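The values are calculated or read from the model by the stated rules, or taken from the named source; none is laboratory data. These figures come from a predicted structure and were not determined experimentally. Methodologically, a virtual Cβ is constructed for each residue, glycine included, from the backbone with ideal geometry; neighbour enumeration extends over all protein chains shown.
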Amino acid sequence: MQFTDLLLESTNETLLGNRMLGEIVQATGSRELWSERSTSDPDVTVIHYSSAILRYPEAPFSLEHILSIFCEYGVSSHFLIDRTGMVYRLVPIEKKAWHCGGSIMPEPDNRQAVNDFSIGIELMATARSGFTTRQYEALAQLCIENERIVGHTMQYVGHDIIAGERAVTLGLRTDVKTDPGSLFQWNLFYGMLSSRRSAAS
Ligand SMILES: [Zn+2]
């Protein structure tokens with residue numbers, strides 16, 4: 001797995017275009033784009049996609065643009081996987097990233113505020129692009145590594161599952177999330193997870 005540390009904190013001196021990432025974070029008024037969890041044991045992973053297509057239709061998968069938009073809106077995720085399968089770690093998994101806001105787990109779980117007990121993974125994609133094979137491979141490998149770190153298997157949900165119509169009806173949020181959507185191949189992902197789990201055991 002190709003892996004790059006790119007923590008969303010004000011001291012990060014990594015150059016993105018002609019600005020340091022830390023400067024972009026500082027412009028939010030925060031020292032970092034995460035907070036403390038009330039649980040030390042995340043047991044859910046939320047799959048998302050994001051891109052910069054609304055503002056930069058010519059460069060939807062620009063890392064610089066996507067992270068700038070995260071900072072501008074005060075959102076974050078633990079990991080971002082680009083189209084080539086490069087995994088960027090944006091937030092330490094022991095911290096709470098801000099990736100799913102108003103949310104509720106499916107029945108019968110029904111826990112709310114899923115950020116508190118989840119790991120968020122963003123795949124670079126648009127509503128129509130679908131996902132690359134390298135993204136699925138990197139995602140599966142990353143999830144197996146996260147399971148190894150937390151010491152147990154995780155439950156996997158899409159942002160659309162926990163922040164869809166039900167969350168709106170319950171007054172937890174005003175908009176319906178549609179990512180990762182119908183183009184995300186859950187069966188392919190679960191197949192990759194189980195073959196990697198059996199290879200690791
Ligand atoms: Zn999302």
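For the range 55-114, what are the residues that are among the β-branched types (Val, Ile, Thr) and part of a strand (DSSP E or B)? Spell out how you get there, then give the answer.
Of the residues in the range 55-114, the ones among the β-branched types (Val, Ile, Thr) are 66, 69, 75, 81, 84, 87, 91, 93, 104, 114.
Hits for the range 55-114 are 81, 87, 104.
When 157, 150, 168, 176 are checked against the criterion of being aliphatic (A, V, I, L, M), under 18 Å from the mean Cα position of the chain (by Cα) and over 26 Å from residue 94 (Cα atoms), 176 stands alone in meeting it.
For residue 41, the conditions (1) of a type outside the set (Gly, Ala, Ser); (2) in a loop (DSSP other than H, G, I, E, B); (3) more than 19 Å from residue 149 (Cα to Cα); (4) in contact (Cβ under 8 Å) with a residue 12 or more places away in the chain all hold with the exception of (3).
Being within 16 Å of the ligand (Cβ to nearest atom), closer than 21 Å to residue 42 by Cβ and either buried (at least 16 other Cβ atoms within 10 Å of the Cβ) or hydrophobic (A, V, I, L, M, F, W, C) (or both) is a property that does not hold for residue 142.
Across the range 66-96, the qualifying residues are those that are surrounded by 22 or more Cβ atoms within 10 Å (Cβ to Cβ) and among the small types (Gly, Ala, Ser), and the one among them that is farthest from residue 140 (Cα to Cα) is 76. Return yes or no: is residue 40 modelled with pLDDT of 95 or more and at negative phi? So residue 40 does not fit the description; no. Give the residues of the range 115-141 that are touching a Cys at 6+ places or on another chain (Cβ under 7 Å) and either among the aliphatic types (A, V, I, L, M) or not in a strand (DSSP E or B) (or both), sorted by residue number. 115, the sole residue that qualifies.
Is it true that some residue in the range 24-33 is within 16 Å of the ligand (Cβ to nearest atom), within 24 Å of residue 140 (Cα to Cα) and touching a residue at least 40 places away in the same chain (Cβ under 8 Å)? No, that holds for no residue.
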